[in-house]
Every structure is written in C-alpha cells, then in structure tokens.
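Just so it is clear, none of the values below were taken in a lab; they were calculated from the coordinates. Source: prediction; values computed, not measured. Counting neighbours? That spans all protein chains shown, and the Cβs are built from the backbone with ideal geometry, glycine included.
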Amino acid sequence: MLGFGLSIEPQLWALLFVMVRVGATFVAAPVFGAVSVPLQVRIALSGGIAVLVLGAHPVVAPPQLFALATFLAVASEALVGLAIGFVLQIAFAAPLVAGEIIGNSMGIGFAAAIDPQNNRSSTALGQFMLTLMTLLFLSLNGHLMLVELIVKSYDVMPPGAGWVAPERLRDISLFGGYALAAGFLLALPVGFLLLCLNLVVGMLSRSAPALNLFAVGLPLSLAVGVVALAVAFPAMGDYMIVIVNEGLAATQSLVLG
C-alpha cells in the first residue's frame with residue numbers, strides 16, 4: 001500500500017525508482033542522450049540496467065508513493081543521474097568549440113548542420129569532429145564504462161544519501177573550464193596556421209590595396225585549412241582520446257570521490 005489507497009508491487013516500484021537515476025543519466029549523457037535515439041530505446045535500456053542494479057544492490061524504494069519524502073527522493077535520484085551524464089557531456093563540447101574556431105578561420109562558418117546530439121545547429125566541421133569523437137568514445141568502451149559507473153554509484157551514493165557537496169560542484173565547474181581549454185588546444189595547430197595566413201593576406205592587402213581579398217583570401221584559406229586538417233588529424237585524434245579519458249576520469253571522480 002503506497003498512500004491514498006493505491007497499491008503497486010514492491011519489486012515494480014523499486015524498478016521504477018532505480019530507473020529514475022539511470023534514465024536521467026541517459027538523458028544528459030552523450031550517445032545515449034542523442035535526439036536520434038528513440039525514447040523507447042532509452043526506456044528499455046534504463047529498465048535493463050535497473051534490473052542489473054537491483055540484482056547487485058538491495059535498493060529500498062520509499063514506502064509512500066504520494067509523499068513529500070518520495071518526491072524529494074525521486075528529485076535527488078534525477079539530480080544524481082543528470083550530474084553523471086552532464087560531466088561526460090561537457091567533454092563532448094570540446095570538438096564543437098574546435099570546429100567553430102577552425103570553421104570561422106577557414107571561412108566556412110556559414111556551413112551549418114543540425115547536431116543530432118542536441119538538435120541544434122552547429123558548423124559542419126564541428127559535426128565531423130563530434131562524430132569522430134563519438135566513434136573514439138565507443139571504440140574505447142566508454143559506453144560500457146558509463147554503465148559500470150552508474151551501477152557503482154549505488155555503492156557510494158545510495159538513494160537518500162546526501163551527495164551534493166561543494167567539492168563535487170566545484171569539480172564540475174572546473175571540468176567545464178578544462179573542456180573549453182581542450183577545445184582551444186584541439187584547434188591550435190590548424191588555427192595558428194590560419195592565423196598566420198590571415199596576417200600574410202592582411203599585409204598583402206596593405207601593400208596592394210587594389211587586390212580583391214575575397215577572390216584570393218577565401219580560396220587560399222580553404223585550401224590551406226583542408227591541407228592542415230589532413231596533416232593534423234592524426235594528432236587531433238590522439239588528443240580526442242585524451243579528452244575522452246579525462247571525461248571518463250572526471251565522471252569516475254564525481255561518482256567514487
């Protein structure tokens with residue numbers, strides 16, 4: 001009996017209660033939280049992982065369904081899940097920042113596409129780099145590590161335990177700064193070369209005022225940018241792996257302390 005004369009199977013109520021944290025993580029996390037992933041798939045994955053959690057941890061759901069303590073417990077579970085997924089999502093902002101910087105320097109900032117992760121418009125180059133980072137994330141079994149961290153979170157942060165400490169909030173904020181710096185570092189090789197090219201084109205425009213910059217500068221920026229990307233992509237891919245590992249390490253630090 002769960003309040004107001006309503007009854008529900010205790011096992012089903014415990015399963016739904018566990019699915020709140022797992023589902024909130026999948027809403028905020030990359031890959032799982034993409035708009036292209038159907039809602040039915042997320043619910044099915046949340047239910048499957050919740051069954052595994054219940055098999056490994058004796059989670060006790062609040063006894064009263066319509067009670068203030070129950071609503072607070074559900075909100076706390078949703079907050080924990082959103083925090084776990086959000087930290088990893090911050091790392092996936094780095095290639096978008098790099099794509100914006102490089103695309104604007106190359107003169108193709110107008111070439112935009114719909115981001116399937118968050119259903120917003122971003123540069124085509126940023127989409128390409130985000131796709132590359134997603135493939136690297138999956139190749140490193142990052143999705144499996146995320147599921148493992150969700151299960152382990154019930155050992156460190158069981159339902160009802162206070163976890164929103166100032167130290168954890170500070171770590172999330174600091175990791176946001178790291179992701180922004182990582183985006184700039186990711187764009188540094190190509191961006192610096194394009195900056196030097198713009199300086200040369202600027203000096204040419206001062207020495208020859210009649211020179212048509214749009215007829216010379218834009219094709220030159222595109223050509224140099226494409227060649228620079230082709231040369232720098234191996235190093236950029238290696239640094240994307242570092243960003244993925246840092247994101248997983250930040251998520252683990254948030255969960256395990």
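Placing +1 on the Cβ of every Lys and Arg and -1 on the Cβ of every Asp and Glu, with no other charges, gives region 138-255 a dipole of roughly 380 debye about its Cα centre.
A simple count of charges around L186, restricted to other residues whose Cβ falls under 13 Å of its Cβ and scoring Lys, Arg +1 and Asp, Glu -1, yields -3. When the Cα positions of G202, S46, Q64 are compared along the charge dipole of the chain, G202 comes out farthest toward the positive end, with charges on each C-beta of Lys, Arg, Asp and Glu.
With K and R counted +1 and D and E -1, the other residues having a Cβ less than 14 Å from that of A28 yield a net charge of +1.
As a calculated quantity, the FRET efficiency between M203 and L135 at R0 = 41 Å, using C-beta atoms, amounts to about 0.50.
A crude spin-label estimate for the pair N245 and L169, with each label 7 Å from Cα along the Cβ direction, gives 3.2 nm. Relative to the 2.2 N^0.38 Å rule of thumb, region 178-257 has a C-alpha radius of gyration ratio of 1.58.
About its Cα centre, the chain has a charge dipole of approximately 340 debye under the convention of +1 per Lys or Arg Cβ and -1 per Asp or Glu Cβ, with nothing else charged. The listed peptides 24-32, 244-252, 74-82, 170-178, ordered by packing as a protection proxy, come out as 24-32, 244-252, 74-82, 170-178 (highest mean of other Cβ atoms within 10 Å first). Helical content alone sets the calculated 222 nm signal of the chain at -26500 deg cm²/dmol, taking -39,500 (n - 2.57) per DSSP H segment of four or more residues and averaging over every residue. Over all Cα pairs of the chain, how is the pair count split among 5 Å bins, expressed in % and running from 0 up to the last occupied bin? Bins of 5 Å from zero give 1, 6, 12, 14, 14, 12, 10, 8, 6, 5, 4, 3, 2, 1, 1, 0, 0, 0 percent of pairs.
Net length available on complete extension from A75 to A124 is 13.9 nm, with 0.36 nm assigned per residue and the Cα-Cα distance removed.
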